[in-house]
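Let me begin by presenting the structure, written as structure tokens, before commenting on it.
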Amino acid sequence: MLMALMEKHVREPKIAYFSMEIGVRDDMPTFSGGLGVLAGDTVRSAADLSLPFVAVTLMCRKGYFHQIIDDSGHQTALPVVWEPSMLMTTAPVKVSITIEGRRVYIQAWVYFVESLRGANVPVIFLDADISENSPEDRGLTDSLYGGDLSYRIKQEAILGIGGVRMLKKLGFQVKKYHMNEGHAAFLTLELLHEYKKDIEQVWDESYIWDIETVRDLCVFTTHTPVEAGHDKFSYELFNQVLGDYFPEKVLQKLAGDKNINMTLLGFNLSKYLNGVAKKHGAVSENMFPGYRINAITNGVHSYTWTCESMKKLYDKYLPGWANEPELFVRIGAIPDEELWEAHMEAKKKIINHVNSISDVGMDLDTFTIGFARRMTAYKRPHLIFSDIDRLEKIGAGKIQIIYSGKAHPRDKEGGQIIETIFSYIQRLKGKIKIAFIQDYNMEIALRLVSGVDVWLNTPLRPLEASGTSGMKAAHNGVMNFSVLDGWWIEGHIEGYTGWSIGPATSDIRSDADMNRIDAEDLYHKLENIIIPAYYNDRKTWTRMMQNAIGKNAYYFNSHRMMRRYVTEAYIR
Ligand SMILES: *Cc1c(COP(=O)(O)O)cnc(C)c1O
């Protein structure tokens, strides 16, 4: 049955998209946040656009965690239990790779991401949990970003090396390999093996590796300027885990003298490199001097990230919008009152939800700010609390705030931030209503980005490579109020599509200074511009909602993003 479904896929050469995490759906907990959700949107748009596409990722049976938070804001991470066989089937083939001298077998689960237009994209989940393997090896694909460096390099070997072997074994022909981040960069080494030149008497080993052919086949997207986001492994660890899989002398030229830098490896073996927003492309070029790094700004999947009431409205006035988000250019055709009503319907949903899970007692008419994303220091989730008395003075009775987000279990500072937010919730009780929704996921994300009035983002420049949740908000007519970093530098027109916080991105000073300067501007605009506009100037407000859709959603969608990958990266 599965192989029959696969048949049409293996007949046509594919773009193979490798990603450590892919957010296909909430009940497949194989993603942790922005990177995975973007990968999911990539696959969804590829399906809608009928691109010849196949995705490869890991079968994380333990998933990313469920979050529970106690009254003091302390986060506990619970394992997610899920059963892949409820959602997909395995292919009747296996491949193996040698890890620490042992042969580790890998099987593949295949899930088809269906487009409403009839096409689909297979997503291959690589899985080491099979009886041929030792108990320890069976756990190798279980945990997303879990374990130590040794666990991590084994996972990346399974993804990169095992992934290439699995595609081949399944019969796929691949015309481009797209690495979504450095996690998959070992695939380049497997391709070097595959295209090894057959030279009988090799006097210099470097001549047998056909680097140019492999470069022509590969595309690499880097996703973060945060140093820790670029995986590095010692040669000692590599040799211990992968033995003589690849000669160290050659690898040193490709991945770095001292360490194996997975980003560098991907860079050196890809003809096309890109960052995920214009600014991020430039920042990455500074991080990696000597490389030409292009920019394809991220987008989100329009149909997935538009709430029900807005979908209805767009269907009525802009039929075909989901597959042609350019139709948002006609947003002015939607009457103001209907746009407002559709928004209020979404707002009612999130307010009711908050009131059903907490005793915060939010109301529909109060101006509501949303903030939800990974809880980590550079995103500064608590910047709005910098001057608590001032916030109280500005906001008492006039604003309410909804938070959501997980901290990576090893990110102690991130966990601390959640506790800090909880302490401020207590401190402002009776004055400003603030809720924190546990266990952030895609469903909560959609409810939030569509149901609040303004979407807040306060990252420390230049560390937000792109950000995508703000694009989701724009799809629902929700304006961004954000630091000028990542995509917002491109999407922001002051007082028109939303509002900036703080100075332009080039104007960077010490972290402490930036916290002060940004907080000052945040308070100033909230008090003098945004709150008054919300309560006193419905006309301007709905006009800005239209602009968020007509300018931001029109452009920052994954259909546009994929068309650019096709024309700039895939068919070259
Ligand atoms: C969109 C999304 C993200 C990314 O949010 P950013 O603000 O871009 O960091 C993270 N997690 C989930 C569940 C999402 O839907």
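Select from 23, 130, 68 the residue farthest towards the positive end of the dipole of the range 21-140; place +1 on Cβ of Lys and Arg, -1 on Cβ of Asp and Glu, and compute about the Cα centre.
Of the listed residues, the answer is 130.
Pairs of alpha-carbon atoms within less than 8 angstrom and 6+ residues apart define the contacts here; what relative contact order does the range 308-556 have, in percent? Don't skip to the answer; put the middle values down first.
Values: 408 pairs, mean separation 56.0, N = 249.
Relative contact order, the range 308-556: 22 percent.
Indicate the helices, whole DSSP H runs only, in the chain that combine a mean Kyte-Doolittle hydropathy of -1.0 or more with a Cα extent along their long axis of 24 angstrom or more. Walk me through the intermediate numbers first.
On the way: long enough: 336-357 (32 Å, -0.79).
What comes out of the filter, once short or polar helices are dropped, is 336-357.
Would you please classify the overall shape of the range 287-357 from the alpha carbon gyration tensor, given that a ≥ b ≥ c denote the square roots of the eigenvalues, rounded means a/c under 1.5, and beyond that prolate means a/b larger than b/c while oblate covers the rest?
Verdict is oblate for the range 287-357.
FRET efficiency for residue 234 and residue 427, Cβ-Cβ distance as r, R0 = 60 Å, nearest 0.05?
Efficiency computed from Cβ-Cβ geometry: 0.85.
On a C-alpha basis, how far is the centre of the range 1-63 from the centre of the range 262-339 in Å? Whole number, if you could?
18 Å
Rule-of-thumb check for the range 1-146: C-alpha Rg over 2.2 N^0.38 Å?
Computed over Cα atoms of the range 1-146, the ratio equals 1.12.
For the chain, give the magnitude of the charge dipole about the Cα centre (Cβ charges: +1 Lys/Arg, -1 Asp/Glu; no others), in debye to the nearest 20. Walk me through the numbers on the way to the answer.
Values: 65 positive and 71 negative charges, 184 e Å.
The calculation lands at about 880 debye.
Å³ per residue of the Cα convex hull, for the range 308-556?
Numbers: hull volume 29.2 nm³, N = 249.
Measuring per residue, one finds 117 Å³ for the Cα hull of the range 308-556.
Go ahead and run the numbers for FRET between residue 117 and residue 259, Cβ-Cβ distance against an R0 of 51 Å, rounding to 0.05. Mind dumping the intermediate values first?
Working: r = 45 Å, r/R0 = 0.89.
FRET efficiency, residue 117 to residue 259: 0.65.
Under 19 Å between alpha carbons, and skipping anything fewer than 8 positions from residue 168 in its own chain: which lysines qualify?
Reachable lysines: 8, 14, 94, 176, 196.
In the range 499-524, which residues have a backbone nitrogen under 19 Å from the label point lying 7 Å from residue 413's Cα in the Cα-to-Cβ direction?
Only 508-519 pass the distance filter.
Lysines within cross-link reach of residue 412: Cα-Cα under 27 Å, excluding same-chain residues under 8 positions apart?
Filter leaves 62, 154, 232, 379, 429, 433.
Quote the relative contact order of the chain in percent (integer), defining contacts as alpha-carbon pairs under 8 Å separated by 6+ residues.
Answer for the chain is 14 percent.
Roughly how many Å is it from the Cα centre of the range 535-550 to that of the range 468-494, as a whole number?
If you average the Cα positions of each part, the centres end up 14 Å apart.
How high is the relative contact order of the range 364-484, in percent, counting Cα pairs under 8 Å that sit 6 or more residues apart?
32 percent
Cα extents of the range 447-563 along the three principal axes, largest first, in whole Å?
41, 36, 24
Show me 465-471, 524-530 ranked by packing, highest mean number of other Cβ atoms within 10 Å first.
Those peptides, ordered most packed to least, come out 465-471, 524-530.
Evaluate the Kirkwood expression for the hydrodynamic radius of the chain, namely the inverse of the mean inverse distance over all pairs of different C-alpha atoms, and round to one decimal in Å.
Working: mean 1/r = 0.0406 Å⁻¹.
Result for the chain, one decimal place: 24.6 Å.
Label points 7 Å out from Cα along the Cβ direction at residue 227 and residue 566: separation in nm?
4.1 nm
Roughly how many debye, to the nearest 20, is the charge dipole of the range 308-556 about its Cα centre, given +1 on each Lys and Arg Cβ, -1 on each Asp and Glu Cβ, and no other charges? Mind showing how you got there, number by number?
Working: 31 positive and 33 negative charges, 74 e Å.
Roughly 360 debye for the range 308-556.
Using helices alone, what [θ] at 222 nm do you get for the chain, with -39,500 (n - 2.57) per DSSP H run of 4 or more residues, divided over all residues and rounded to the nearest 500?
The per-residue figure over the chain is -10500 deg cm²/dmol.
Set the Förster radius R0 to 56 Å, insert the Cβ-Cβ distance between residue 388 and residue 199 as r into 1/(1 + (r/R0)^6), and round the FRET efficiency to 0.05. Walk me through the intermediate numbers first.
Working: r = 70 Å, r/R0 = 1.25.
E(calc), rounded to 0.05, equals 0.20.
Under a cut-off of 17 Å between alpha-carbon atoms, report the aspartates and glutamates in cross-link reach of residue 525, not counting same-chain residues fewer than 8 places apart.
Filter leaves 387, 389, 392, 453, 494, 537.
Every number here is computed from the coordinates shown, using simple stated rules; none is lab data. Since we're looking at a predicted model, the values are computed, not measured. Don't worry about glycine lacking a Cβ; one is built from the backbone with ideal geometry, like all the others, and counts go over all protein chains shown.
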